[in-house]
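Chemist: So that we are looking at the same thing, I have put the structure below in structure tokens.
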Amino acid sequence: MIFRQLFDSESSTYTYLIGDEATRQAVLIDPVLEQVDRDLQLVAELDLTLTHVFDTHVHADHITASGALRERTQATVVGSVNGASCANVQVRHGDEVRVGQLVFQVLATPGHTDDSISYLLGDRVFTGDALLVRGNGRTDFQNGNASQLYDSLTRVLFALPDETLVYPGHDYKGRTVTSIAEEKRHNPRVAGKSREEFIHIMENLNLPKPRLIDAAVPANRACGHTAPSPQGA
């Protein structure tokens with residue numbers, strides 16, 4: 001397997017390039033629109049063919065590159081059945097998506113948003129904003145639900161083997177990877193916390209509204225394409 005972790009400094013987003021060595025087919029997970037040229041250059045340098053683009057959810061802090069990548073490579077865009085309707089393939093919990101000989105299992109992990117999904121590939125899981133390194137996604141917009149996220153963390157993700165590597169959608173402190181065992185023990189929001197304690201924490205974060213949310217969410221529901229301005233505007 002070919003694996004690369006890429007970073008967008010503006011939104012602190014991690015994008016993952018995963019390729020199958022046998023077929024040279026590849027997928028980009030959570031690509032950022034401004035990084036399309038960088039990502040496609042790497043795909044070409046590694047002698048890969050981009051066949052899939054996965055989004056973990058409709059993002060509020062950056063615009064996805066899924067639509068732009070589809071236009072340039074004819075890649076298949078994959079997202080949650082509860083997410084952007086523009087995705088070629090809409091998946092739900094338990095579905096599998098094959099990229100060459102690589103088999104990704106879809107895990108429904110809602111709570112940050114109602115369409116949040118994670119992708120499990122062998123001993124690693126790509127969690128988007130559901131589970132972060134020593135943290136988790138906020139739950140105060142896009143039909144977020146703290147109780148639902150608690151279930152996603154404790155019943156879905158924490159049910160994976162302890163040694164499973166967790167690759168998050170973001171990190172703001174330079175951390176690149178964690179594990180299920182680490183987060184079960186050390187995640188300050190959920191480790192040893194009851195549902196009620198977790199909900200209390202999430203309801204009292206008092207975070208500012210994401211700077212790009214008003215532009216990003218509508219664009220991402222259209223796979224990264226912004227709506228045209230009304231005539232005369």
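The values are calculated or read from the model by the stated rules, or taken from the named source; none is laboratory data. None of these values were measured; they are calculated from a predicted model. Glycine gets a Cβ as well: all are built from the backbone with ideal geometry, and neighbour counts include every protein chain shown. In case anyone asks, the SASA skips ligands and DNA or RNA and just uses the protein heavy atoms, side chains included. Shrake-Rupley method; radii C 1.70, N 1.55, O 1.52, S 1.80 Å.
Chemist: Does at least one position in segment 94-109 carry a residue that is closer than 23 Å to GLU21 by Cβ, touching a residue at least 60 places away in the same chain (Cβ under 8 Å), open to solvent by 10 Å² or more (accessible area, probe 1.4 Å) and not in a strand (DSSP E or B)?
Modeler: Within segment 94-109 (the criterion being closer than 23 Å to GLU21 by Cβ, touching a residue at least 60 places away in the same chain (Cβ under 8 Å), open to solvent by 10 Å² or more (accessible area, probe 1.4 Å) and not in a strand (DSSP E or B)), the answer is yes, since at least one residue qualifies.
Chemist: Can you tell me which residue among TYR150, TYR172 is out of contact with any strand residue (DSSP E or B) (no Cβ under 6 Å at 6 or more places or on another chain) and at pLDDT below 95?
Modeler: Going through TYR150, TYR172 in turn, the sole match is TYR172.
Chemist: Looking at this structure, is ALA191 outside any strand (DSSP E or B) and closer than 13 Å to THR56 by Cβ?
Modeler: No.
Chemist: Continuing with this model, one more query. Checking TYR172 against (1) open to solvent by 70 Å² or more (accessible area, probe 1.4 Å); (2) over 16 Å from the mean Cα position of the chain (by Cα), which test does it fail?
Modeler: (2)
Chemist: Here is a further query. Could you tell me which of the residues ALA84, ALA65, ALA26 is crowded, with 21+ Cβ neighbours inside 10 Å, within 21 Å of ILE117 (Cβ to Cβ), touching a Cys at 6+ places or on another chain (Cβ under 7 Å) and of a type in the set (A, V, I, L, M, F, W, C)?
Modeler: ALA84
To keep it simple, each residue is scored yes or no on (1) in contact with a His (Cβ under 8 Å, 6 or more places away or on another chain); (2) more than 30 Å from LEU207 (Cα to Cα).
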residue	(1), (2)
ILE63	no, no
ARG70	no, yes
THR76	yes, yes
SER80	yes, no
GLN101	no, yes
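Chemist: To continue, here is another question. Of all residues being in contact with a strand residue (DSSP E or B) (Cβ under 8 Å, 6 or more places away or on another chain) and assigned to a loop (DSSP other than H, G, I, E, B) in segment 11-22, which is surrounded by the most Cβ atoms within 10 Å (Cβ to Cβ)? Just the residue, please.
Modeler: So the residue we want is SER11.
Chemist: Ok, one more. Could you please let me know if ALA216 is open to solvent by less than 60 Å² (accessible area, probe 1.4 Å), within 28 Å of ALA65 (Cβ to Cβ), modelled with pLDDT under 95 and part of a loop (DSSP other than H, G, I, E, B)?
Modeler: It is false that ALA216 is open to solvent by less than 60 Å² (accessible area, probe 1.4 Å), within 28 Å of ALA65 (Cβ to Cβ), modelled with pLDDT under 95 and part of a loop (DSSP other than H, G, I, E, B).
Chemist: A further question follows. Could you please find all residues in segment 29-58 being over 17 Å from the mean Cα position of the chain (by Cα), part of a loop (DSSP other than H, G, I, E, B) and buried (at least 21 other Cβ atoms within 10 Å of the Cβ)?
Modeler: Within segment 29-58, LEU48 is the sole residue that qualifies.
Residue by residue, here is whether (1) touching a residue at least 24 places away in the same chain (Cβ under 8 Å); (2) outside any strand (DSSP E or B); (3) touching a helix residue (DSSP H, G or I) at 6+ places or on another chain (Cβ under 8 Å); (4) hydrophobic (A, V, I, L, M, F, W, C) holds:
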site: GLY144; (1), (2), (3), (4): yes, yes, no, no
site: VAL166; (1), (2), (3), (4): yes, no, yes, yes
site: ARG175; (1), (2), (3), (4): yes, yes, no, no
site: GLU196; (1), (2), (3), (4): no, yes, no, no
